[in-house]
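Visitor: First the structure, which I've put down as structure tokens, then a few questions once you've had a look.
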Amino acid sequence: MNSTRTLCFVIAALSSYAALVYRLTQVRRSWRDNAYRTLVITLLFQCLTFTMGAVAMGSERFLGVGNLAILVMHVSAVAFCVSSQIILLRWATATEDAVRKTRYWLITGIALNALLIVLFLIADGPGRPASDFNSGSGQPLVLTYLLVFIVSQAVPCVTIFRQCGPYARMTDKAELRQALRLLSVAAVVLFLYCLSRTVNILTSACGIDIGGWQLAANVFSAVGIATLSLALTISSWGPSAGKLLEWARSYRSYRALYPLWRDLYESSPDIVLEPPGASVSDLNDLDYRLHRRVIEIRDGWRDLRPYIERTANGAPGADRGASEESRQALAEAAQIRQALHAKRVGTIPDDNKDAGDFEDRDTNNFTAEVDWLTKVACAYRKLDNAG
């Protein structure tokens, strides 16, 4: 059980430090931005929380004071939750309103931390076993201390979740919408941590052993903090990641279209604007190459129209359980394959398709066009492999 707790703790700590280091790499160009400074402070409190947690797991004394690491961990966790709420305000609220609400959250955070420190001292926190601050052990003052701490974590989770939805609908920035939605997910998971931690404390106080279910709090904490770390950084790396994914999709389509393009090029060499001797590995101009490949497939298809028999509407062995679009793609691929053969042997069907284009396709939507041609190319490759 301790190894699972340690693993969850390590995940939360590593995600926190990774987010902090990533954001610190932007310090030169972003330091004048108040939202950026607040974000860095939030991540510092987040890292301090888990650093103190690691210290508390390793030793009951910090700077010579018993359980001081636990107190610092809890105080920094409160500061971390408050600053997270302030970040949300700066992201989505008008300046004057954000300043007013920021002042309210700062006062609340200071009051809560003062209350925790007082309760810790009254409960003789330095003289107690560290295990008391994990379960409460039925001691009224320690129980009060722990429940105040849990409430200080749960309330920001609720307010952040309630605000993220409306704020995400209000903003015009796609990356900010992603950050707010991810932040709402983190708020839900961390609220589940608060609930499970409360169950652990109350069942322990009542002498009830729930066994391995005690680890639920640690799992929710690790997952919630990792998600929160992503939410606090996604507005910066999200657009770049989106471009990378789009490039990967384009490259996959570019490769998938090759067998169909190759056979059409061999049948009609004039469709190619540039000789195919250029290096395929040089894909810095992938967008241009993909556009050219789609256009050349279309031109090659048009050259085949006189060789396509209108009555050839399907492929042998077509899967009747497949979707209508898949069956249509297979039928188109079979027609292309038959037309290529007919052109090679010089057979022109009497009832051919000597005009038109792919049926029922909007060629003005390039993304949809690529998706459709990729399905046709995959079906074409399967027919070739089948012999």
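Visitor: Taking segment 319-349 as the search range and keeping residues that are in contact with a Ser or Thr (Cβ under 9 Å, 6 or more places away or on another chain), surrounded by fewer than 16 Cβ atoms within 10 Å (Cβ to Cβ) and not basic (Lys, Arg), which one is modelled with the lowest pLDDT?
Guide: 319
Visitor: Can you tell me how many residues in segment 227-268 are part of a helix (DSSP H, G or I), open to solvent by less than 70 Å² (accessible area, probe 1.4 Å) and closer than 30 Å to residue 342 by Cβ?
Guide: The number of residues fulfilling the criteria is 10.
Visitor: Follow-up question, since we're still on this one. For segment 55-82, enumerate the residues that are open to solvent by 50 Å² or more (accessible area, probe 1.4 Å) and touching a Ser or Thr at 6+ places or on another chain (Cβ under 9 Å).
Guide: 57 - this is the single residue of segment 55-82 that is open to solvent by 50 Å² or more (accessible area, probe 1.4 Å) and touching a Ser or Thr at 6+ places or on another chain (Cβ under 9 Å).
Visitor: Contact list please: Cβ distance under 9 Å, first residue in segment 18-33 and at negative phi and outside any loop (DSSP other than H, G, I, E, B), second residue open to solvent by 60 Å² or more (accessible area, probe 1.4 Å) and hydrophobic (A, V, I, L, M, F, W, C), pairs at least six apart or on different chains.
Guide: 19/230; 20/44; 22/237
Visitor: Which residue pairs have Cβ atoms closer than 7 Å, lie 6 or more positions apart in sequence or on different chains, and pair a first residue in segment 155-181 that is in contact (Cβ under 8 Å) with a residue 12 or more places away in the chain with a second residue that is open to solvent by 60 Å² or more (accessible area, probe 1.4 Å)?
Guide: Sorted first by the residue in segment 155-181, then by its partner, the pairs are 157/191; 158/191; 161/188; 164/181; 168/177; 168/181; 171/177.
Visitor: Does at least one position in segment 17-28 carry a residue that is open to solvent by 70 Å² or more (accessible area, probe 1.4 Å) and modelled with pLDDT under 80? Before you say what the answer is, go through the steps one by one.
Guide: Narrowing segment 17-28 to residues open to solvent by 70 Å² or more (accessible area, probe 1.4 Å): 17, 21-22, 24-25, 28.
Next cut, modelled with pLDDT under 80 only: 28.
Scanning segment 17-28, I find at least one residue that is open to solvent by 70 Å² or more (accessible area, probe 1.4 Å) and modelled with pLDDT under 80, so the answer is yes.
The values are calculated or read from the model by the stated rules, or taken from the named source; none is laboratory data. This one's a predicted model, so the numbers in the text were calculated from it and none came from an experiment. Here Cβ is always computed from backbone atoms with ideal geometry, including for glycine, and neighbour counts include all displayed protein chains. For accessibility, only protein heavy atoms count, side chains too; no ligands or nucleic acids. Shrake-Rupley method; radii C 1.70, N 1.55, O 1.52, S 1.80 Å.
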